[in-house]
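The values are calculated or read from the model by the stated rules, or taken from the named source; none is laboratory data. Values in this document were obtained by computation on a predicted structure and should not be read as measured data. All Cβ positions, even for glycine, are placed from backbone atoms using ideal geometry, and neighbour counts span all protein chains on display.
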Amino acid sequence: MKDLPPANDSDDRHPVQMVAPLTLQQVTRRRLLQTGLGSAALPFFTLPLRSALAAAAIRPAIGFKPIAASRDDRLCVPEGYGVQVLFAWGEPLGATPAFRGDAGNSASEQALQAGMHHDGMHFFPQLEEGKPSSTRGLLCVNHEYTDEGLLHPDGVAGWSYAKTLKSQNAHGVSVIEVELRTGASGEAPHWQLVRPSPYARRITARTPMRIDGPAAGSADLRTRDDWRGNIVFGTLANCAMGVTPWGTYLTCEEHFSSYFNGLDQPTPAQKRYGIRSKGAGYRWHEHDSRFDVASEPNEANRFGWVVEIDPWNPAGVPVKHTALGRFKHEGAMVTLARDGRVVVYMGDDEPFEYLYKYVSRDPFDAGKPAGRERLLEMGSLYVARFEAAGRGRWLALQHGQNGLDAGSGFADQAALLIRTRQAADLVGATRMDRPEWIAVHPQSGEVYCSLTNNRQRSVADAANPRADNAFGHIIRWREAAGDAAADSFAWDVFALCGDPRHADAARRGNIRGDAFGSPDGLWFDPDGRLWIQTDASGNLIERGDHERFGNNQMLVADVASGEIRRFLTGPKGCEITGICATPDGRNLFVNVQHPGEVPGGRSDPNRPLAASGWPASQFAELTGGRPRSATVVIRRLDGGIVGG
Ligand code: FEO
Ligand code: CA
Ligand code: CA
Ligand code: CA
């Protein structure tokens, strides 16, 4: 853990807040504050980056006593902390419809309830007297995928249109309004949904959305339903996320290929994206022909994008931004270059896939709301090459450059973006060990990325230094001259995951502190603590690879010293993913995804509680029923900064 070498809207539609008309500056400030980072948002997005030494000098306190690894069917946090379940699968966004523990809710009811398999999320604070609130705001939550065995009372038996519809309605994003209520004397403060809320909204795999950027209107995006190629129904496989400086939410389409029934003999492009016969067994194509590639060859081209949602405008149409490339997007970490251009770091989460960077053509100007909708529409896309000796370069994925032209199979920029992976193959990018979340240090600007694992790797390289990488690592880089728009960078490996005390050399890592494997979620709080969430799959755990780490967990790292402490352990069979906080740092939102998941990810509805009964197994008020993904809130009992 050595030090790195030097290195869509133009107004403020606010449906319920009855306030006097705002000046442009007030509007701008409001939207900035509503990114949720509060006052920290301003330096994060607008000040020049400081040096690594400066970051080390303002090391945040990490004040909790680390907890032990756990195999219990409960969520554990350190002494002095409390947890509540806020938003579990099936929770209604309004007063009704109530969740049915036997999964008996209909498809139309599911469209009014929390989806399944919560992943990335973000808290957008309301403003109170011009300041970002830490007691009321909007929470955007991704619902990445479904376990059909849990979603329907009898699982996949008698697969039908109604089951397809319910599955589609359990995907996408929830926008909910939440508030912290102080109870009667002696009662702990408690978060709850605001019901009704004019902002509450479900976006599903059927919600209409717009396509923009260079590929919009391309012949390869046109379908029977959309002969113009610029309107698509729905978003799916919504994994991690991002937040723009203008206060909108980015949700990222990851394993979209799973939903399509591909051809027996796929085209090279379909093969490169894993669109194969039978997909991952979703069977949507049996009742919705757009997911059958033989019937609608271009529909799959309309997924695999980054989607922008304005949480403050419940009538707003989400936008798929083709300029950011098409691949299996994990997340979209947004920061600003020195000159104000918008920079988005993105990983493609499959073995041997790439790390990307988007740089907008125009700068973000906090004083000019007009034109913001174009910042993710027009810009340049790059892919990373990690070279030996800790240096790296960003390679342009631009038609006419680096051999990307008609001669290499790309007629124009639209074709290149739709087949981003193949363009990246041609320019010689570095094949990574499954890039997951990316986090930017709030003071130094150093960028950290979790590479979760890759057991398929037989040949190590500098940036992916272990063959048969069962535990993953966290890589970090510093852009040249501290400018996020730079075309070169310096990098090193921050953490090689594994257990340093393990007798088997292949299972050792270089962690200082509590051991873990398969890092996934990664987030810096405004004080600079690095929060690490793990996602060791059931298959890995079953093989015994992660036996010393217990259930999936969340840890906190001091990136200056390299010390890592375990903060949270999840219930059986879950993944811990999705993290954000209120601006005051006193309320931490975390997602528990797929408790009780079995290897393969498909439960047997006749034995759904065999692996986990969470959250009912831990929280008496959530009686019975099936295991449910859920958003939890963690607070210190003394009301202090979480982690501090
Ligand atoms: Fe959806 Fe790569 O995690
Ligand atoms: Ca992930
Ligand atoms: Ca993962
Ligand atoms: Ca997952």
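Write out, first by first residue and then by second, each pair whose Cβ atoms fall under 6 Å of each other, whose residues are 6+ apart or on separate chains, and whose first residue, in the stretch 327-348, is in a strand (DSSP E or B) and among the small types (Gly, Ala, Ser) while the second is more than 13 Å from ligand 2 (Cβ to nearest atom) and at pLDDT 95 or above.
GLY347/LEU355
Select from the stretch 469-511 the residues that are surrounded by fewer than 23 Cβ atoms within 10 Å (Cβ to Cβ) and of a type in the set (S, T, N, Q) and write down the one among them that is nearest to ARG565 (Cα to Cα).
For the stretch 469-511, the residue satisfying everything is ASN510.
Yes or no, residue by residue, for (1) under 25 Å from ARG302 (Cα atoms); (2) modelled with pLDDT of 95 or more; (3) over 25 Å from the mean Cα position of the chain (by Cα):
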position	(1), (2), (3)
ALA389	no, no, yes
LEU397	yes, yes, no
GLY400	yes, yes, yes
SER408	yes, yes, yes
THR420	yes, yes, no
ALA424	yes, yes, no
ARG431	yes, yes, no
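Checking the condition within 16 Å of ligand 3 (Cβ to nearest atom), in contact with a helix residue (DSSP H, G or I) (Cβ under 9 Å, 6 or more places away or on another chain) and among the aromatic types (Phe, Trp, Tyr), which residue from PHE327, PHE291 passes?
It is PHE327.
Evaluate the following for GLU547: is it among the charged types (D, E, K, R) and within 16 Å of ligand 4 (Cβ to nearest atom)?
So GLU547 fails the test.
Take residues that are within 16 Å of ligand 1 (Cβ to nearest atom) and tell me which of the strands (runs of 3 or more DSSP E) falling wholly in the stretch 209-304 contain 3 or more.
Once the strands (runs of 3 or more DSSP E) in the stretch 209-304 are filtered for at least 3 residues that are within 16 Å of ligand 1 (Cβ to nearest atom), what remains is 238-243, 249-253.
Can you tell me how many residues within the stretch 574-586 are away from ligand 2 (no atom under 16 Å from the Cβ) and surrounded by 24 or more Cβ atoms within 10 Å (Cβ to Cβ)?
Looking only at that region, the number is 2.
Got a number for residues in the stretch 179-194 being out of contact with any Leu (no Cβ under 8 Å at 6 or more places or on another chain) and assigned to a loop (DSSP other than H, G, I, E, B)?
Residues flagged as out of contact with any Leu (no Cβ under 8 Å at 6 or more places or on another chain) and assigned to a loop (DSSP other than H, G, I, E, B) within the stretch 179-194 amount to 7.
For MET554, work out the one condition from (1) within 30 Å of ARG478 (Cα to Cα); (2) more than 16 Å from ligand 1 (Cβ to nearest atom) it doesn't fulfil.
So MET554 meets the others, but not (2).
Within the stretch 358-379, does at least one residue satisfy the condition of being assigned to a loop (DSSP other than H, G, I, E, B), among the β-branched types (Val, Ile, Thr) and either farther than 23 Å from THR420 by Cβ or away from ligand 4 (no atom under 16 Å from the Cβ) (or both)?
no
Of the residues PRO297, PRO314, only one is surrounded by fewer than 22 Cβ atoms within 10 Å (Cβ to Cβ), more than 23 Å from LEU221 (Cβ to Cβ) and at pLDDT 95 or above; which?
On inspection, the qualifying residue turns out to be PRO314.
Quick test for you: out of GLY601, GLY613, GLY639, pick the one residue that is under 27 Å from VAL243 (Cβ atoms) and not polar (S, T, N, Q).
It is GLY639.
Looking at the stretch 527-544 only, could you name the residues that are more than 15 Å from ligand 2 (Cβ to nearest atom) and buried (at least 21 other Cβ atoms within 10 Å of the Cβ)?
ARG529, LEU530, ILE541
Among the residues of the stretch 380-408 satisfying the criterion of being assigned to a loop (DSSP other than H, G, I, E, B) and touching a strand residue (DSSP E or B) at 6+ places or on another chain (Cβ under 7 Å), which is surrounded by the most Cβ atoms within 10 Å (Cβ to Cβ)?
LEU397
Mind listing just one residue for me: the one in the stretch 500-534 that is in a loop (DSSP other than H, G, I, E, B) and polar (S, T, N, Q) and, of those, nearest to ASP349 (Cα to Cα)?
For the stretch 500-534, the residue satisfying everything is SER518.
Quick one: which residue in ALA411, ALA495, ALA462 is in contact with a strand residue (DSSP E or B) (Cβ under 6 Å, 6 or more places away or on another chain) and aliphatic (A, V, I, L, M)?
Every option except ALA495 fails the conditions.
On the given criteria, is VAL598 away from ligand 4 (no atom under 16 Å from the Cβ) and farther than 26 Å from PRO189 by Cβ?
When the stated conditions are applied, VAL598 does not pass them.
Determine if the stretch 553-570 includes at least one residue that is closer than 23 Å to THR251 by Cα, more than 14 Å from ligand 4 (Cβ to nearest atom), in a loop (DSSP other than H, G, I, E, B) and out of contact with any Asp or Glu (no Cβ under 6 Å at 6 or more places or on another chain).
no
When you go through GLY115, GLY90, GLY120 one by one, which is the residue that is within 16 Å of ligand 1 (Cβ to nearest atom), under 22 Å from the mean Cα position of the chain (by Cα) and either surrounded by fewer than 18 Cβ atoms within 10 Å (Cβ to Cβ) or in a loop (DSSP other than H, G, I, E, B) (or both)?
Just a single option satisfies the conditions, and that option is GLY115.
Please indicate, with yes or no, whether at least one residue in the stretch 151-169 is among the polar types (S, T, N, Q), part of a loop (DSSP other than H, G, I, E, B) and surrounded by fewer than 20 Cβ atoms within 10 Å (Cβ to Cβ).
yes
Could you please let me know if PRO615 is modelled with pLDDT of 95 or more and over 25 Å from GLU179 (Cβ atoms)?
Taking the combined requirement at face value, the residue does not satisfy it.
Can we say PRO351 is under 19 Å from the mean Cα position of the chain (by Cα), surrounded by fewer than 23 Cβ atoms within 10 Å (Cβ to Cβ) and either modelled with pLDDT of 95 or more or more than 16 Å from ligand 3 (Cβ to nearest atom) (or both)?
yes
Filter the stretch 313-326 down to the residues that are out of contact with any Leu (no Cβ under 7 Å at 6 or more places or on another chain) and not in a strand (DSSP E or B), then identify the one that is nearest to ligand 1 (Cβ to nearest atom).
Among those residues, the one meeting the criterion is PRO318.
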